[in-house]
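Notes follow the structure.
Bear in mind these aren't lab numbers, they're just calculated from the coordinates by the rules spelled out. Nothing here was measured: the structure is a model prediction, and the numbers come from that model. Positions of Cβ are generated from backbone atoms using ideal geometry, with glycine treated the same way; all protein chains shown enter the neighbour counts.
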Amino acid sequence: MKKLALAMIPFAFTIAACEGPNEEAGEEMDEAMGNDPVLGDGPMEEAGEDADDAMNAKGEAMEAQGEATGNEALEEAGDEMEEAAGAQ
């Protein structure tokens, strides 16, 4: 069991590092307001994560539409939106 727990440590750091800019800002707001949940994320961090997810989904949709229609500008704008949302 200890070996499994030790093997999971690098994955925990990888997952924790995948925060988008809105989620990071929400975490900072939670800390500033004294929202320090014992387990999970604070309400502002959760809202920021939702905003990052929505931006990423919109970027993916724009990129797919650009690919489907041959519109390189739309495809590039979608890709930039995904990057802005913190998508890896």
Report summary line: The answer for N71, listing residues at least 5 apart or on another chain whose modeled amide H is closer than 5 Å to its amide H, is none
Report summary line: For A87, the residues 5 or more places away or on another chain with a placed amide H closer than 5 Å to its own amide H are none
Report task. Please state, as a whole number in µm²/s, the translational diffusion coefficient that the Stokes-Einstein equation yields for the range 20-84 at 25 °C and 0.890 mPa s, with Rh defined as the Kirkwood radius across alpha carbon pairs. Result -> 193
Report summary line: Once both label points are put 7 Å beyond Cα along the C-beta direction, the C18-E31 separation in nm becomes 2.2
